[in-house]
Every structure is written in C-alpha cells, then in structure tokens.
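This report concerns only the one structure given below.
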Amino acid sequence: MSRLLGRPLTADESVHHKNGDRLDNRPENLELWSRWQPSGQRVADKITFALELLTRYGVTAPSQPETT
C-alpha cells in the first residue's frame, strides 16, 4: 500500500484486504482504511478534522455559498 500511495502509512491508517487473504497484495485487493477518531465533539474540532482528512487525501473542500 505504501508503494501505491507513494508514501509511508500514517499511524492511524491500516490496509484492508478485500478478500480476507493477507498474502494477496494485488492493488485491486487493497483498501486504505483510517482508524483515528478525533477526541471531543466540538463542531470546531470536527471541522478541523474533516479539513485535515480532505488535505491528506488530496480532496479540495467545496466552496461555501455566499450569505446575504
């Protein structure tokens, strides 16, 4: 998985083998899973966590509609 990503896995990431065979490391059999949950339930903490995930996995945040 590290080779597929081009970087080492982080401490909160794991590799899931879709068919359950840990010896079957074909790219189509692998999924990247994230295990970490942020502590706390404040909205600001959740937003920060969501933005970190979007940045880590190369997804841009949607633009916010303008309010009047």
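Across the stretch 21-48, what is the number of residues that are part of a loop (DSSP other than H, G, I, E, B), among the aromatic types (Phe, Trp, Tyr) and modelled with pLDDT of 85 or more? Before the answer, list the steps.
Filtering the stretch 21-48 for residues part of a loop (DSSP other than H, G, I, E, B) gives 21-26, 35-42.
Still in the running and among the aromatic types (Phe, Trp, Tyr): 36.
Now drop any that are not modelled with pLDDT of 85 or more, which leaves none.
Matching residues across the stretch 21-48 total 0.
Residues of the stretch 6-19 include at least one that is in a loop (DSSP other than H, G, I, E, B), modelled with pLDDT of 80 or more and β-branched (Val, Ile, Thr).
The values are calculated or read from the model by the stated rules, or taken from the named source; none is laboratory data. This one's a predicted model, so the numbers in the text were calculated from it and none came from an experiment.
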